[in-house]
Amino acid sequence: MKNQGLNHSFTHLLTLLFLASFTLTTSATALPQREVLSTPNLQAVQEQASALTKKELEAQKKAKAKKKAAAKKKRVNPQISPSPKWPPKGFKAADGLFAKIPTKRELTGLISAKPALLEEIQACQDFACGSIVVASEKACLWWEVLSTVSGPKLSDSATITSYGSLQTKKTGSAPRTQKIILLISPEPVAENVTVGNINVVCHRSGKKGKSGNFYLRFEER
């Protein structure tokens, strides 16, 4: 019952994209040390959810700390979790790269298992976000995700236009290991504002530089 309550609370925090169609193509200019997955025909709709109140967030943190302290008092036999099946089901693939936009239920489960994601996703209460799960047959030194933030044109709300381009850089992953990447833009959450046109790049050489989300806002919108 406690886990159900926790997952229910997480769902109020998610202000991310849900996949309508997802196609992958391999870039013809991909370098030997860089492999690319692109989704030029990505269409997504955004579901806005009410955010957790500050009081609810504090209650979650206290409950988690209490549960952790209780667990330390018990002697537990360690168990090895089974490795995820490979190739992963439900992913689009090209040249050994795999990508999938998680459903709201899947994202909730991923966040529940990784507290660091809960902290990172706080920004999505106020800003337009996206998310994608990536994996590779071979190890990736670092990941790069290029995307576009779109929304209603200021002069004509019936017309959708590009607001800006978003570059997200994250640490790498081991072979056949799934990694979730949050795409966090500085654009305020609003109706029909989405993150799409996603391109996933697996780098196997070169320096990543600083991790994070980097946004270039377009002047004409």
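Lys208 satisfies every condition listed in (1) more than 16 Å from the chain's Cα centre (by Cα); (2) more than 11 Å from Trp143 (Cα to Cα) except (2).
Listed conditions (1) in contact with a helix residue (DSSP H, G or I) (Cβ under 6 Å, 6 or more places away or on another chain); (2) crowded, with 21+ Cβ neighbours inside 10 Å are all met by Tyr163, apart from (1). One residue stands out in the stretch 198-218 among those that are exposed (fewer than 14 other Cβ atoms within 10 Å of the Cβ) and either modelled with pLDDT under 90 or touching a Cys at 6+ places or on another chain (Cβ under 7 Å) (or both): the one that is nearest to Gly109 (Cα to Cα), namely Gly209. Taking each residue of the stretch 178-197 that is over 19 Å from Phe218 (Cβ atoms) and modelled with pLDDT under 95 and looking for partners that are among the basic types (Lys, Arg) and outside any strand (DSSP E or B) with beta-carbon atoms closer than 9 Å, six or more apart or interchain, yields Ile180/Lys114. Here Pro152 clears all of (1) under 21 Å from Lys100 (Cβ atoms); (2) assigned to a strand (DSSP E or B); (3) out of contact with any helix residue (DSSP H, G or I) (no Cβ under 6 Å at 6 or more places or on another chain) except the condition numbered (1). Pairs linking a residue in the stretch 108-124 that is closer than 17 Å to Asn213 by Cα to a residue that is in a helix (DSSP H, G or I) and at pLDDT below 85, with Cβ atoms under 6 Å and 6 or more positions apart or on different chains, are Leu117/Ile111; Leu118/Ile111.
Residues checked against (1) surrounded by fewer than 16 Cβ atoms within 10 Å (Cβ to Cβ); (2) at pLDDT 90 or above:
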site: Lys61; (1), (2): yes, no
site: Lys85; (1), (2): yes, no
site: Phe98; (1), (2): no, yes
site: Lys153; (1), (2): yes, yes
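Within the stretch 147-173, being of a type in the set (A, V, I, L, M) and out of contact with any Ser or Thr (no Cβ under 9 Å at 6 or more places or on another chain) holds for one residue alone: Ala158.
The values are calculated or read from the model by the stated rules, or taken from the named source; none is laboratory data. No experiment lies behind these values; they were computed from the predicted model shown. Cβ coordinates were reconstructed from backbone atoms using ideal geometry, including for glycine residues, and neighbour counts include every protein chain displayed.
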